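> Pasting in a structure now, in structure tokens, and then I'll have a few things to ask.
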Amino acid sequence: MLISLFTASLFSAFIYLEHFHISNHFVESIFGLGAIYLILTQRKLFWTGFFIGMFWFFWVGFSMQYYDFIYLIPFVIFLFSFAYGSIFYLIGYYENIWIRSTLLVLVSLFEPFGFNWFKPQIIFVNTNFGTELWQFSIIVFTIALMIFAKGRRIFLIPTIILLISAQNFKPKNLNKSLPFEIAVTETKVKQNEKWVLANQDEIIDMNLRKIELAIQNHQKLIILPESTFPLFINTRLDIVETLENLSLEIAILTGGLYLEDGNNYNASYLFQNGNYQVAKKVVLVPFGEYIPLPKFLSDWINSIFFQGMKDFTPAKTPTDFQIGDEVFRNAICYEATSKEMYKNPPKFMIAISNNGWFLPSIEPTLQKLLIQHFANINNITVIHSSNMAGTDIIYPKYKGQK
């Protein structure tokens, strides 16, 4: 079990190094390559996967405390750990190194119930290696070749050439600047206070003060986090009117709920030039914003855990906002880590999140690393505004760049 714990630690180290603001391309490369080597050579992998699931996703159940089910948190931690233990058990079931290698590559395509945050290739996101699936495949199969060759020198040069080919070289027309002055805000509203009706006016006032400050600083756009107005904005005409008036001086992109034809949407609102547009969320969080089960089961789960609330309704396609002369793809939290949102993208994405559900944990860090992965492979700059943690401007990286 100790070797399993060690392997899982190597496989997860990049998250914790990033979390504590430690960055070293060489060290993270060695950790990643070492983890893959150990996964391909260990006889059994259940406990390796168990610890990987725990190190990556121990935080998922933290949101249960806000529904008075804090006692379920250990169960959720065990569930995720056991699930990834089972996945790695299947990988380790096959002694043939080529089958193991193939399964390790393909596991990133496995998204149970739509949960897509386990992408093994991102262990190299802060290294000189690329994180596209073909690059990860080269790395994995190169290590498999080294193991198969048992150190024979004839394979040394092909191995070096293969690893070089998996490098993340600088793309053409790299985005490294914003098109104009943008106020990217981070709020500090605790999750257990956010939806308390008595706090609503104070939160609204806080948001308006941030907008007024951005106007004073001559910003062209202000971005506020997901659901930073904790209400259905389009049903509050007083707030709509206030934001429309302020948008004559600055463009305002803010998160809030949207009600239409009896359906609930998680949405972004863009107030600009005295009017507003709405972008409805496309990719919903499984078991957070919808229950990916038959209706009778989802209704039962909603009644037990979510006070009978309805699932959110997804939009069909992503929304692009035109702000000034630039186009921005809109993404709300989980969407910014979903490949669907990066199809034919413009140069910029605005992502808004509420990470207050999962703190204290490494969740905002893992989210950032996943966004960095998509930013790199799509050459897109992601401007991320979040509640509690995670606010950042994430530029695409390339070989040799910190």
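> Just to be sure I understand, how many residues within the range 126-149 are touching a His at 6+ places or on another chain (Cβ under 6 Å) and either in a helix (DSSP H, G or I) or of a type in the set (Ser, Thr, Tyr) (or both)?
2
> Answer with yes or no whether residue 332 is surrounded by 21 or more Cβ atoms within 10 Å (Cβ to Cβ) and either without any contact (Cβ under 8 Å) to a residue 12 or more places away in the chain or not assigned by TED's automatic domain parsing to the domain that holds residue 123 (or both).
So residue 332 fits the description; yes.
> Out of curiosity, is residue 373 within 11 Å of the chain's Cα centre (by Cα) and more than 27 Å from residue 193 (Cα to Cα)?
For residue 373, the condition - within 11 Å of the chain's Cα centre (by Cα) and more than 27 Å from residue 193 (Cα to Cα) - is met.
> Pairs please, first residue from the range 336-354 and under 11 Å from residue 373 (Cα atoms), second anywhere and assigned to a helix (DSSP H, G or I) and at pLDDT below 95, Cβ atoms under 6 Å, 6+ apart in sequence or on different chains.
Taking only residues 6 or more apart or on different chains, not a single pair turns up.
Matching residues to (1) outside any helix (DSSP H, G or I); (2) of a type outside the set (Val, Ile, Thr); (3) over 20 Å from the mean Cα position of the chain (by Cα); (4) loosely packed, with under 15 Cβ neighbours inside 10 Å:
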{"position": "16", "(1), (2), (3), (4)": "no, yes, no, yes"}
{"position": "31", "(1), (2), (3), (4)": "no, yes, yes, no"}
{"position": "35", "(1), (2), (3), (4)": "no, yes, yes, no"}
{"position": "40", "(1), (2), (3), (4)": "no, yes, yes, no"}
{"position": "53", "(1), (2), (3), (4)": "no, yes, no, no"}
{"position": "65", "(1), (2), (3), (4)": "no, yes, yes, no"}
{"position": "73", "(1), (2), (3), (4)": "no, no, yes, no"}
{"position": "81", "(1), (2), (3), (4)": "no, yes, no, no"}
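> Return a yes/no flag: does the range 93-103 have any residue that is surrounded by fewer than 16 Cβ atoms within 10 Å (Cβ to Cβ), in contact (Cβ under 8 Å) with a residue 24 or more places away in the chain, aromatic (Phe, Trp, Tyr) and in a loop (DSSP other than H, G, I, E, B).
The answer is no; no qualifying residue exists.
> Limited to the range 272-288, what total is found for residues that are surrounded by 19 or more Cβ atoms within 10 Å (Cβ to Cβ), in contact with a Phe, Trp or Tyr (Cβ under 6 Å, 6 or more places away or on another chain) and not aliphatic (A, V, I, L, M)?
Looking only at that region, the number is 1.
Residues checked against (1) assigned by TED's automatic domain parsing to the domain that holds residue 129; (2) modelled with pLDDT under 95; (3) in contact with a strand residue (DSSP E or B) (Cβ under 6 Å, 6 or more places away or on another chain); (4) in a helix (DSSP H, G or I):
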| position | (1), (2), (3), (4) |
| --- | --- |
| 300 | no, yes, no, yes |
| 303 | no, yes, no, yes |
| 321 | no, no, yes, no |
| 327 | no, no, yes, no |
| 385 | no, no, yes, no |
| 389 | no, no, no, no |
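> With among the acidic types (Asp, Glu) and in contact with a Pro (Cβ under 8 Å, 6 or more places away or on another chain) as the only criterion, which of 260, 186 stands out? Reasoning before the result, please.
Working: 260 fails: in contact with a Pro (Cβ under 8 Å, 6 or more places away or on another chain).
Answer to the check: 186.
> Taking the range 263-298, which residues are on the phi > 0 side of the Ramachandran plot, modelled with pLDDT of 95 or more and of a type outside the set (Gly, Ala, Ser)?
Answer for the range 263-298, where residues must be on the phi > 0 side of the Ramachandran plot, modelled with pLDDT of 95 or more and of a type outside the set (Gly, Ala, Ser): just 273.
The values are calculated or read from the model by the stated rules, or taken from the named source; none is laboratory data. Everything numeric here is computed off the predicted structure, so don't read it as measured data. So basically every Cβ, Gly included, is an ideal-geometry build from the backbone, and we count neighbours across all protein chains shown.
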